[in-house]
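Please read the structure below before turning to the comments.
The values are calculated or read from the model by the stated rules, or taken from the named source; none is laboratory data. The model shown is predicted, which means the values in this text are computed figures rather than measured ones. Don't worry about glycine lacking a Cβ; one is built from the backbone with ideal geometry, like all the others, and counts go over all protein chains shown.
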Amino acid sequence: MRPFVVASATAFAAASLGPAPARAEAPPPASRGALVVALGSNVATEAKALARDVYRDPRLQPNVDEVTARVLAGEPAAEDAPPELRSLARVRESLPTTPDDLGAKLIAAIGHERHAEIVVAVSMTGDRPMARVVRVASAKYESVLIEATAERGEGGVVRHSWPGATTILHQFFVAPAAPVAPQAGSPIAPRKIETQPPKPVDKRSSWYKSPWFWGPLGAVVATGAAIVIATQATKDDVDTLRLRGQVSP
């Protein structure tokens, strides 16, 4: 008889306490910044050059770590890398290099999983590196085509850089609305002054100081006459903004 009493008491206690409260999950980080993704196996150097410019800009920095940024820019994942990173490298390698709707959706999915606002896709058109913008929210290519600038370096080696690209990318981010001024004559309520706790140190951006991020950039060398890097913005017949760079002797 006693086992029945113990079992009944236990059941009553469990019923009175109710189900255990569910553990609250941390909210996902807010979408921010731009990811740079290399399309194809022959554009990693150019994608890295653009990534360094983009990730140097505080407004464009995304929610990713260094190894993820390097894989997206075209570096292979290490053999001992986590399965998620190796899978990401395979997905990047399989992305179509032509700007079609399917490719835009796949690229946007990468940005969505990493809470980015836009993805800058770098590909080669002939021997010219091009960058196109995919807005993550719409999963579509924007009407902007950014062409790299050719820089003649030491020994006549041509490198590519992206002057003016970050200025163009800033246009895809909406500035916060200005506060509405109170109407004249209306009473102004007293403002409560609250002491804000100190903000935690943002460790996300510490990897932007790594050796990979800062170099090598390469210097432009003048031979005989000064080499001027010129940037030209034009519009073609299909209303696509082209930011074009060139080397002018």
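Summary of computed values
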item	result
Candidates 79, 93, 154, 84 - the one that is closer than 17 Å to residue 41 by Cα and either of a type in the set (Asp, Glu) or under 19 Å from the mean Cα position of the chain (by Cα) (or both)	93
Those residues of segment 29-45 which are out of contact with any His (no Cβ under 9 Å at 6 or more places or on another chain) and at positive phi, in sequence order	40
Qualifying positions in segment 42-62 - under 22 Å from residue 98 (Cα atoms), surrounded by 16 or more Cβ atoms within 10 Å (Cβ to Cβ) and out of contact with any helix residue (DSSP H, G or I) (no Cβ under 7 Å at 6 or more places or on another chain)	43, 44, 46, 47, 48, 49
Qualifying positions in segment 111-129 - surrounded by fewer than 21 Cβ atoms within 10 Å (Cβ to Cβ) and not charged (D, E, K, R)	112, 115, 124, 125, 126
Close pairs from segment 45-60: first under 16 Å from residue 150 (Cα atoms), partner hydroxyl-bearing (Ser, Thr, Tyr), Cβ under 7 Å, at least 6 apart	49/161; 53/166
Cβ pairs under 6 Å, 6+ apart, first in segment 148-160 and in a strand (DSSP E or B), second of a type in the set (Asp, Glu)	159/151; 160/46
Whichever residue in segment 137-147 is outside any loop (DSSP other than H, G, I, E, B) and touching a helix residue (DSSP H, G or I) at 6+ places or on another chain (Cβ under 7 Å) and, among such residues, is nearest to residue 113 (Cα to Cα)	140
Residues that are closer than 17 Å to residue 32 by Cβ and in a loop (DSSP other than H, G, I, E, B), drawn from segment 77-118	114, 115, 116, 117
All positions within segment 119-136 that are at pLDDT below 95 and either outside any strand (DSSP E or B) or among the hydroxyl-bearing types (Ser, Thr, Tyr) (or both)	125, 126, 127
Conditions (1) surrounded by 15 or more Cβ atoms within 10 Å (Cβ to Cβ); (2) among the acidic types (Asp, Glu); (3) at pLDDT 95 or above; number of the one not met by residue 151	(3)
Some residue of segment 26-34 being at pLDDT 95 or above, more than 24 Å from residue 139 (Cβ to Cβ) and not in a loop (DSSP other than H, G, I, E, B)	no
Number of positions in segment 85-109 that are surrounded by fewer than 21 Cβ atoms within 10 Å (Cβ to Cβ), β-branched (Val, Ile, Thr) and under 19 Å from residue 69 (Cβ atoms)	1
Test: residue in segment 177-198 that is at pLDDT 95 or above, of a type in the set (Val, Ile, Thr) and over 23 Å from residue 29 (Cα atoms)	no
Subset of segment 63-76 [buried (at least 17 other Cβ atoms within 10 Å of the Cβ) and either part of a helix (DSSP H, G or I) or modelled with pLDDT of 95 or more (or both)]	67, 68, 69, 70, 71, 72, 73, 74, 75
